[in-house]
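Please treat every number below as a calculation from the coordinates, not as lab data. This structure is a prediction, so every number in the text was calculated from the model and none was measured. Using ideal geometry, Cβ is built from the backbone for each residue, glycine included, and neighbour counts are taken over all protein chains shown.
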Amino acid sequence: MAWNEPGGGDKDPWGSRGDQGPPDLDEAFKKLQAQLSGIFGGGAGGGGGVGFSSGMFGLILLVAALIYGFFGLYQIDQGERGVVFRFGAVQEVGVVPGLHWNPPLIDVVQKVNVTRVNSHQHQALMLTEDENIVDVALTVQYVVNDPVAYLVNVRNPRTSLDQATESALRHVVGSSAMDDVITAGREAIAVEVQERLQSYLDNYGTGIRLDKVNIDRSAPPSQVADAFNDVQKAKEDEQRFINEANAYAESIIPEARGEAQKLIEQSNAYRDRVVARSQGEAERFTKLLSEYRQAKEVTRDRLYIDALESVLSKSSKVMIDVESGNNIMYLPLDRLGQGGSGSSAGVTEESVSSIADSIVRELNDRIAAGRVREQR
């Protein structure tokens with residue numbers, strides 16, 4: 001039954017009261033003091049109020065002090081450094097690892113890991129120097145080398161790092177050709193981006209030291225990937241054709257030089273042979289001329305006979321026009337060479353010699369007849 005329900009009588013939470021006025025605060029406080037004294041072992045008499053006011057207040061202060069001191073304890077790990085802020089101002093810098101205490105609600109300690117290598121990934125579409133679009137993704141690895149600058153100088157260090165990375169990357173890629181960005185020049189671009197990004201972070205005072213910048217991917221946008229692949233294939237074909245042409249040139253040029261040297265040597269040999277033959281013929285003619293001057297008739301007849309012999313030895317049939325008659329002498333040398341029981345070579349030589357003698361006599365007769373006619 002509630003105290004204010006009908007039939008509740010004089011019962012109320014503040015005790016029996018004859019009137020219906022507001023509760024007496026002094027009476028309520030005394031009841032509360034009596035209950036606390038009973039809990040902590042104090043007497044219920046008049047001295048209980050004095051005991052609460054001194055012992056209990058000291059005990060409460062002691063408990064509050066212990067709780068306050070407990071919340072002031074903190075620990076700095078081995079790879080961390082602590083920065084103490086007192087009412088927002090830097091009070092202590094670089095708190096070493098270990099267990100420390102600072103007054104709560106007055107000092108605020110922020111811990112910064114100065115040994116862990118953090119990673120920040122960035123990806124963006126860039127415009128190159130030759131007005132091509134490339135999709136570049138990189139990873140920035142960094143450590144915090146100045147905790148105070150990291151916590152105080154910039155509001156959000158990671159946001160500042162992201163914006164500085166975007167600026168440095170756009171500057172470097174915008175000053176490079178597309179082929180350098182997506183092929184062999186990636187390493188050089190990563191180094192240049194790292195140097196420029198570190199200068200930006202130092203100017204901002206972020207307290208960040210870069211460890212490494214890696215270009216994870218640099219390629220044309222997916223929308224033009226097929227066309228770019230066709231262009232790259234054409235360039236590869238061009239380079240392949242150039243290499244094949246160079247290889248052919250390297251193989252054909254030495255061969256042509258060897259052939260040219262061969263022709264030169266053959267020409268020199270032919271020249272030497274012709275010159276030597278000409279010199280021999282000239283020397284033979286000179287010696288023959290001296291013999292001819294000594295015996296003209298004999299030398300002339302001998303030359304004539306030698307010429308006929310050389311001609312008749314290569315011909316199987318000879319026809320001679322006899323001046324004294326209307327008949328033509330036919331000499332079948334091949335048949336004459338086949339007759340007889342002796343060797344064919346011997347018969348041929350004898351036949352040729354007899355024929356040559358006949359011809360010489362006939363010619364001499366003609367020459368003599370001609371001279372007679374001239375004298376007449």
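For region 102-232, the normalised intensity computed at q = 0.09 Å⁻¹ comes to -0.33 (log10 of I(q)/I(0), Debye sum over alpha carbons, equal scatterers, no solvent). Ranked by the mean number of other Cβ atoms within 10 Å per residue, highest first, peptides 276-288, 178-190, 75-87 order as 178-190, 75-87, 276-288. Annotation for Ala124 and Ala225: the two label points, set 7 Å from Cα along the Cα-Cβ direction, are 2.3 nm apart.
Which of the peptides 294-304, 200-210, 129-139 is most tightly packed, and how do the rest follow, going by the mean number of other Cβ atoms within 10 Å of each residue? Show your work: numbers first, answer last.
On the way: 294-304: 11.8, 200-210: 18.2, 129-139: 15.9.
Descending packing order for the listed peptides: 200-210, 129-139, 294-304.
At full extension, Lys111 and Tyr270 could sit 47.4 nm farther apart than now, given 0.36 nm per residue minus the alpha carbon distance. With the gyration tensor restricted to C-alpha atoms of region 53-113, the semi-axes of the equivalent ellipsoid amount to 30, 13, 6 Å, longest first. Compared with the alpha-carbon gap, the fully stretched path from Val63 to Asp77 is longer by 2.1 nm at 0.36 nm per residue. If R0 is taken as 45 Å, the Cβ-Cβ distance between Asp365 and Gln279 corresponds to a FRET efficiency of 0.65. Residues whose amide H falls under 5 Å from that of Asp211, counting only those 5 or more places apart or on a different chain, are Gln141, Tyr142, Val143, with hydrogens built in the peptide plane. Semi-axis lengths, largest first, of the ellipsoid equivalent to region 249-294 are 44, 4, 4 Å, with √(5λ) applied to each eigenvalue of the Cα gyration tensor.
Once you list every other residue whose beta carbon is under 14 Å from the beta carbon of Asn102, what net charge do they have if Lys and Arg are +1 and Asp and Glu are -1?
Values: positive: Arg86, Lys111; negative: Glu92, Asp107.
So the environment of Asn102 carries a net charge of 0.
For region 105-161, a Kirkwood hydrodynamic radius built from all Cα pairs, placed in the Stokes-Einstein relation at 20 °C and 1.002 mPa s, yields a translational diffusion coefficient of 150 µm²/s. State whether region 227-320 is rounded, prolate or oblate according to the following rule on the C-alpha gyration tensor (a ≥ b ≥ c being the square roots of its eigenvalues): a/c under 1.5 gives rounded; otherwise a/b larger than b/c gives prolate, and the remaining case gives oblate. Cα axes put region 227-320 in the prolate bin. Extension gain, Thr286-Asp216: 0.36 nm per intervening residue step, less the Cα-Cα distance, totals 15.8 nm.
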